[in-house]
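See structure below.
Every number in this text was worked out from the coordinates using simple rules, so none of it is lab data. Keep in mind it's a predicted model, so treat the numbers as computed, not measured. Ideal geometry is used to build each Cβ from the backbone, glycine not excepted, and the neighbour counts take in all protein chains shown.
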Amino acid sequence: MKALNKETAVKVQRPERIIQFGEGNFLRAFVDWIVYNMNEKTDFNSSVVVVQPIDKGMVDMLNAQDNLYHVNLQGLDKGEVVNSLTMIDVISRSLNPYSQNAEFMKLAEQPEMRFVISNTTEAGIAFDPSCKLDDAPASSYPGKLTQLLYHRFKTFNGDKSKGLIIFPCELIFLNGHKLKETIYQYIELWNLGAEFKTWFEEACGVYATLVDRIVPGFPRKDIDAIKEKLQYDDNLVVQAEIFHLWVIEAPQEVSKEFPADKAGLNVLFVPSEAPYHERKVTLLNGPHTVLSPVAYLSGVNIVRDACNHEVVGQYINKVMFDELMETLNLPKDELNQFAKDVLERFNNPFVDHAVTSIMLNSFPKYETRDLPGLKTYLERKGELPKGLVLGLAAIITYYKGGVRADGAAIVPNDAPEIMDLLTQLWASGCTQTVAEGVLGAEFIWGENLNNVPGLTAAIKANLDSIQANGMLETVKSIL
C-alpha cells in the first residue's frame, strides 16, 4: 500500500485564489469537494490555501499527505445506492498562523486571491476586544480576517479591484451579517481609518450562506476496507452523505465568478437566505423532532426504519407533506423536491441514525422547528395540524420516562428546569394537569400555549389515547 502524496498521486498545480479558515471534516467534504467539481467541470482553475483557525489542529496531517485526501460519499441518489471515493486535490498548502504568521499575512499580498471561506464553529464569529492589530495572529477568526484585509488594503494602496469575496459557512442564521458587524468592530477598535472602512465596504463582499450536508467524518469502522480499495494509506478520508446544498445570499455577478451552478452543483445564489433557512428548519428539522418520540414509543429505534414502517412512515409523510409544507411560501415544486430529498437522506442505508440521539432538548427544538408551523397551519386552515399536535403529545409522554412495552428504557434529557417541571406534572397522575402545565410553561415557549384555540384539549386527548391504547394505535387514529 502506497503513502498518499504528490509523488504517488497526480496533483495539478493551480493558482491560489481561495483562503479557507478551517481544515475540519465539513469544509473538506463540502467546500473543497465543490471546488474540486468546479475545477473539473468549469474553467474555475483555483486552489485553496487552508488556514488553521486555532492553535491546535490538523494542518500537519494535511501537509504530511501533500494536502491530498479522499471523500467517500454514501447514500441514496434518486433511489440508487451510491458509495463513491474521490481524491480531492484542491488544497495547495496548509498554514498554522500561530507558527507561520509571516506566511499567513503574505496571503494578503497575492494579487490573484479572491475568496475567503470559513467554518470556525458557531462560536468562531465573535468579537474579542482583547485582540490587537499587531497580535501574531489575533486570537479570534474575525480579528485574523481584519488583519489580513487591512494588510491587503495597504499592500495594494486601496485598489478596489483587490477586494475579497467572503463566504462564511458557520451554522448561524445570517452568518455574513454577523461577520461583517464584527469586522466593523475591529476597524473601530484598532482605529483603521475611514479610507480602509470605505475600501472594505465597496471592494469586499461578505455574504450570508446556508450550508447543508451531513458529514459523519473519518470512517473508523470502514477505514481498513477503504484503504485496501484505494491502495493508498489515506489517514484523512472523510465520509459524507450525497446530498449537498449551499445557499448564498449574493448578487448574480458573484455567481459568475464562482460558477458552481455550471458544474451541476446544488449551489444557489439568491436575494435572501431566509426562506431557505426556514425551509430547512421546517422540512428537515421539523419532522425529525416529532418523528423521534413517535417512532421510539412505537418500538422503532432508527430513523431509516421509521421511514419504512407501515404506520410511522405514513405519519412522517403526513407531517411533512400535508402539514409543514402547507406553511411555507416557496414554490410548491421546489418544496416537494426538497422534501423528497429529505426522505432520501432519512433513508440513507449507510447511516444508523438513532431516534434517541435527536430527542435531546426536544422542547426547545419543538419551539423553534414545529411550533411556528402549527400556528401558521391553524391560521391558514382554521384547524390544528393533527400530526404536529400528536408529535408534541409524544414528546410530553417520552418525558414521563419509564420503560417501553418491550422493556427498553425511556431516558429523557433536557434542561433541569424542564425535567423538574415534567416530573412534577406527571406525578399528579392527571393528563389535564400535564397538558395545561406544559403548555403554560412560558419559560419554554415565551407565551402561554393554552391560549392557542383547541390545543390544550387536543394534547389531553392524545395523552389519554397514548396511555390507554399505546402510541401506534394513536398514530393510526389520526392517519
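For the reader, a short list of remarks on this structure follows.
- FRET efficiency for the M61 to D128 pair, using the beta carbon distance and R₀ = 25 Å, is estimated at 0.35.
- Hypothetical label at A405: residues of the range 449-479 whose amide nitrogen lies under 17 Å (7 Å Cα-Cβ projection): 463-479
- On Cα atoms only, tilt of 332-346 relative to the major axis of the chain in degrees: 90
- Taking label positions 7 Å along the Cα-Cβ direction at both Q231 and N301, the computed distance is 4.0 nm, reported to one decimal.
- Length available on full extension from D322 to Q337: 0.36 nm per residue minus the Cα-Cα distance, which gives 4.0 nm.
- In the range 290-411, a dipole from Cβ-located charges (positive for Lys and Arg, negative for Asp and Glu) runs towards its positive end, and of Q337, S292, A393 it is A393 whose Cα lies farthest in that direction.
- The chain, dipole about Cα centre (Lys/Arg Cβ +1, Asp/Glu Cβ -1), debye to the nearest 20: 400
- Amide H contacts under 5 Å for I302, placed H, 5+ residues apart: V355
- Amide H contacts of G217 (H built 1.01 Å from N, in plane; Pro and chain starts excluded): Q239 sit under 5 Å, all sequence-distant by 5 or more or on other chains.
- Full extension of the chain between E112 and A415 yields a length gain of 104.1 nm, computed as 0.36 nm times the residue separation minus the alpha carbon distance.
- Pairs beyond 21 Å (Cα-Cα), from K78/K280; K332/K381; K106/K262; K386/K476; K106/K154; K178/K332: K106/K262; K178/K332
- Sites excluded, GluC sites (Glu not before Pro) in DSSP loops with at most 15 other C-beta within 10 Å, longest stretch of the chain: 113-309
- Checked against a 27 Å cut-off, the cross-linked pairs K2/K221; K41/K160; K11/K229 give Cα-Cα distances beyond that limit for K41/K160.
- In this structure the amide hydrogen of G205, modeled in the peptide plane, comes within under 5 Å of the amide hydrogens of L164, I165, I166, none closer than 5 places in sequence on its chain.
- Cβ-derived FRET efficiency at R0 56 Å, L479 paired with E253, nearest 0.05: 0.70
- Principal-axis tilt of helix 175-189 within the chain, Cα atoms, nearest 10 degrees: 50
- On full extension, the segment bounded by K2 and A468 gains 161.5 nm, given 0.36 nm per residue less the C-alpha separation.
- Based on Cα atoms of the range 224-383, Rg over Rh with Rh as the Kirkwood radius reads 1.03.
- Under the simplified labelling scheme, the N361-S272 pair shows an inter-label distance of 2.7 nm, with each label point 7 Å from Cα along Cα→Cβ.
- Signed unit charges on C-beta, dipole axis of the chain, positive-most listed residue L133, I358, L4: L4
- Karplus-derived 3J(HN,Hα), 6.51/-1.76/1.60, for each residue of the range 450-457, Hz, glycine and proline x: 5, 7, 6, x, x, 5, 4, 5
- C-alpha long axis of helix 193-203 to longest principal axis of the chain, angle in °: 70
- Karplus-based coupling profile of the range 298-315, in residue order and whole Hz: 9, x, 10, 9, 10, 4, 4, 5, 5, 5, 8, 6, 5, 9, 5, x, 5, 4, with θ = phi - 60° in 6.51 cos²θ - 1.76 cosθ + 1.60 and x standing for Gly or Pro.
- Label-point separation in nm, T433 to K160, each point 7 Å along Cα→Cβ: 7.1
- Across the range 468-479, computed HN-Hα scalar couplings (Karplus, 6.51 cos²θ - 1.76 cosθ + 1.60, θ = phi - 60°) run 7, 10, x, 5, 4, 5, 5, 4, 4, 5, 9, 7 Hz from first to last residue, x flagging Gly and Pro.
- Rounded if a/c under 1.5, otherwise prolate or oblate - the range 119-215, Cα gyration tensor axes: oblate
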